[in-house]
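Q: Dumping the structure here so I can ask a few things about it.
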Amino acid sequence: MYSIPRYPVDLIDVLAVGSARVTVRPTLPQDIELQRVFFRGLSPRARNNRFLTPMSELPATLVESFANIDYSRHLALLAEVFEDGREHMIGEARYVVDTCDPAVCEFAVAVADNWQGLGLGGFLLARLEEQAAKGSVNRMTAETLTVNRAMQRLAHRAGYSVLASAADPTHTRLEKSLTNQVTAVDPPLSTRSESAT
Ligand SMILES: CC(C)(COP(=O)(O)OP(=O)(O)OC[C@H]1O[C@@H](n2cnc3c(N)ncnc32)[C@H](O)[C@@H]1OP(=O)(O)O)[C@@H](O)C(=O)NCCC(=O)NCCS
């Protein structure tokens, strides 16, 4: 039987980022076009860092997976601003719980190039952790490119171990235990006023 997961309205936030109001909310299946435009708009470097491989368009398999989230085993948050009455997606963060080990999930974050460095990535990651910890997850993991200093810095600041991969020196593993964690989600630094336009 087909079932529609309950939309987690408690995960909706409105934040001050620089001088802008940013809405963070769980994605909906109909957000796919918004997500396509967002990923297309990322710089090739950011896209490469996000997917660990050069990619110009979201492949059909990812589109299908992005449209089929259940907000528990697969949670995706998007950040958006409204300009001229239209939504513009400026960030996303998601985790997917490991099908073999429900105590572990893999996450990824991406922020539009001209919105980076304002605290949004850190906020989205903390929100994911908070939600993951409420479910079965007690370990957050991610694979990142070793050259991706921004992600490693964000992860290190958020309490992750940054581990070299023995098998592939171009990849680095990020891991954090959520056991006994008290997650406090601070709003992005609105005082960093070099705001994106
Ligand atoms: C990694 C990423 C998500 C960080 O998002 P963000 O919104 O810039 O993160 P924050 O503003 O919370 O900053 C996190 C840290 O990274 C630093 N940082 C941000 N952009 C940086 C850059 N281009 N180079 C070096 N450090 C950078 C910030 O200074 C901050 O460190 P600090 O608190 O010690 O000063 C963002 O750079 C991004 O989307 N990159 C492309 C996709 C990607 O790499 N995804 C990771 C896949 S797991």
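The values are calculated or read from the model by the stated rules, or taken from the named source; none is laboratory data. These figures come from a predicted structure and were not determined experimentally. Please note: Cβ atoms are built from the backbone with ideal geometry, for glycine as well, and neighbour counts cover all protein chains shown.
Q: Can you confirm whether the range 147-157 contains a residue that is at pLDDT 95 or above, outside any strand (DSSP E or B), more than 22 Å from Asn48 (Cα to Cα) and in contact with a Pro (Cβ under 9 Å, 6 or more places away or on another chain)?
A: no
Q: With the requirement that a residue be buried (at least 22 other Cβ atoms within 10 Å of the Cβ) and either more than 9 Å from the chain's Cα centre (by Cα) or more than 23 Å from Ile12 (Cβ to Cβ) (or both), what does the range 101-114 give you?
A: Cys105 - this is the single residue of the range 101-114 that is buried (at least 22 other Cβ atoms within 10 Å of the Cβ) and either more than 9 Å from the chain's Cα centre (by Cα) or more than 23 Å from Ile12 (Cβ to Cβ) (or both).
Q: From the list Arg45, Arg86, Arg50, which one is loosely packed, with under 15 Cβ neighbours inside 10 Å, of a type in the set (Lys, Arg) and within 15 Å of the ligand (Cβ to nearest atom)?
A: Arg45
Q: Right, here's the next one. Restricting to the range 122-146, count the residues that are more than 16 Å from Gly91 (Cβ to Cβ), hydrophobic (A, V, I, L, M, F, W, C) and either free of Cβ contacts under 8 Å to residues at least 12 places away in the same chain or not in a helix (DSSP H, G or I) (or both).
A: Matching residues across the range 122-146 total 3.
Q: Can you confirm whether the range 91-100 contains a residue that is surrounded by 18 or more Cβ atoms within 10 Å (Cβ to Cβ) and among the small types (Gly, Ala, Ser)?
A: Residues of the range 91-100 that are surrounded by 18 or more Cβ atoms within 10 Å (Cβ to Cβ), as a first pass: 91-95, 97.
With among the small types (Gly, Ala, Ser) added as a condition, the list becomes 91, 93.
So far as the range 91-100 goes, yes, one or more of its residues are surrounded by 18 or more Cβ atoms within 10 Å (Cβ to Cβ) and among the small types (Gly, Ala, Ser).
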